[in-house]
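Each remark here refers to the structure printed beneath this line.
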Amino acid sequence: MILALAIALPMVVAGFLISPAARGADHRRTAALTIAISVGSLLLSVLAFRESSTLDLPWIPALGIRLHLGIDGISLPLMVLTSAVTALAATTALRRDPTGPDGAGAPTFQACLLLTQAGALATFTARDAVLFFLAFEIVLIPMWVLINRFGGAERQIAGTRFVLYTAFGSTLMLAGILVLVTASGTGDLTRLAASGGAGLATSTQVVIAALLTIGLAVKVPLWPLHSWLPLAHTAAPTAGSMLLAAVLLKMGTYGLIRLPLATVPDGFAVIAPVLAVAGVTGIIWAGLICLIERDLKRLIAWSSVAHMGVVALALATGTATGLQAAIYANLAHGAISALLFFVVGAVKERVPDLDLATSRPALREHAPTLGWMLVFGLAAGLGLPGLAAFWGEFYGIVAALSPAADRPEGLFAVCAVIAAIGAAIAGAYSIRVVRLVWMGDRGEAPLPDADNIERVTGGVLVAAIILLGVAPSLIAWITALPGVAR
């Protein structure tokens, strides 16, 4: 029951925080509670992996749905990332009361963080297809609350667009799951992955793969289904942006691995070239927008679209190298995007706006710690060797140059070249941000530098990025353990 406890613990505490008993609670105490619970879930997740903890109970026997949870080498890194980022996101409320414009208080804010964590942990451990869908949808509710009730000026339109897009994706994903379960006679993801689509006609597999991939592409998001993301990030509070980038987007790419890639591989192979083209189009599209985007937070959001394009390309190759690259790029982006959104949030508290066209003091002079973390995050994001993103992007391109035998080699070679060009564009827009924000254009109006809480939060993320960069074999070893779906 260790695995179940790791999920239930944040869910139960979230229930307490939204109850009348917690109304008016101090924001520092609720933040400290959230941090403690998140770290506790992280430790329980590692223990559950060590003990090979599982849970398999009948839930809705009439429909054949089981409460089936399991953990393996693909789930564990994402669970650790989820719990760690939740704890770090909660630190943003240690310094200031996150009460929203409509009066929603700190307990509700922290409850949303914990519910997002619990839903994500359930998603990463679900071994029943319908349970996977339900766990995924749980996360969307607290995320919408974070955007719509605690966000900025555009929170209502951002929240509405978030709901409309994700509901569309959920509808397609549910349709794909129902067709899969009906055609195969089981919703057990372990059995489905082991059978590899055996007994299903190729045409049926293509239909299932298309429904699941398009539905999950909205969640990732991939071009051309991505337009909800920049607005959602712009409107969301800092903690919401950290979770949105480091958790919700990872659930979408994880779903691509667990559902179409693992359960209907022949159907996925048919649509893989389309996925690869969509991925590299997003890399170039988002990169070019970043070259002219004026809002710093929106620029970081657009860069996420480009990074998710790399993950899509790696998965589309259909090789073990591509799968490893996608998993690593997923984790790297989670840590890097969390750091960048955290730093941008800290800068936003200190300046009137995030418009890059506005004259601003140099971070390198007035807030050197924040400035250094910003430059570090940008360097990591563009794939600098020795930092986290390098391995996922490098091996993603390598995998595209040597795709599986049933993929068009010429098309994937072109995609690899385009992805490499996207990396060069990432360098260009990163230099642009460094010039405008880190170097600045005037020396007056000094800014307060990072305080101790911000140094700890940023330092943990910096350490994680360095660790992922210098020890890639750690993740490769975990994901190569027995029981990991290929």
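Please treat every number below as a calculation from the coordinates, not as lab data. This structure is a prediction, so every number in the text was calculated from the model and none was measured. As a convention, Cβ positions derive from the backbone with ideal geometry for all residues, glycine included, and neighbour counts pool all protein chains shown.
Tabulated values for the structure
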| item | result |
| --- | --- |
| Extension gain (nm, one decimal) between residue 320 and residue 274, 0.36 nm per residue minus Cα-Cα | 14.6 nm |
| Gyration tensor verdict on the range 48-191 (Cα atoms; rounded if a/c is under 1.5, prolate if a/b is larger than b/c, oblate otherwise) | oblate |
| The range 1-78 shape via C-alpha gyration tensor axes, a/c threshold 1.5 | oblate |
| Option label - percent of Cα pairs over 41 Å apart computed here, alternatives [x] 13; [y] 18; [z] 9 | [x] |
| The range 273-486 - charge dipole about Cα centre, Lys and Arg +1 at Cβ, Asp and Glu -1, debye rounded to 20 | 120 |
| Cross-link reach list, lysines versus residue 219, counting only Cα pairs under 16 Å and skipping chain neighbours closer than eight places | 250 |
| Charge dipole (debye, nearest 20) of the chain; +1 at Cβ of Lys and Arg, -1 at Cβ of Asp and Glu | 320 |
| Cα gyration tensor shape for the range 265-310, rounded if a/c is under 1.5, else prolate or oblate | prolate |
| Residue 28 versus residue 431: modelled label distance in nm, points set 7 Å from Cα along the beta carbon direction | 4.6 |
| Most positive-pole-ward Cα, 323, 362, 288, against dipole of the range 273-486 from beta carbon charges | 323 |
| Inter-part distance where the range 114-183 and the range 204-226 are each reduced to a Cα centre, Å | 14 |
| Options 22, 351, 122, ranked by Cα towards positive dipole end of the chain, top entry (Cβ charges) | 22 |
| Computed Kirkwood radius, in angstrom, where 1/r is averaged over Cα pairs of the range 273-486 | 17.7 |
| Label-to-label distance, nm, for residues given as residue 402 and residue 178 (7 Å Cα→Cβ offset) | 4.4 |
| Virtual spin-label span in nm between residue 43 and residue 160, 7 Å along Cα→Cβ | 4.6 |
| For the range 231-274 and the range 374-388, distance of Cα centres in Å | 22 |
| Calculated FRET efficiency for the pair residue 355/residue 417, C-beta based, R₀ 30 Å, to 0.05 | 0.30 |
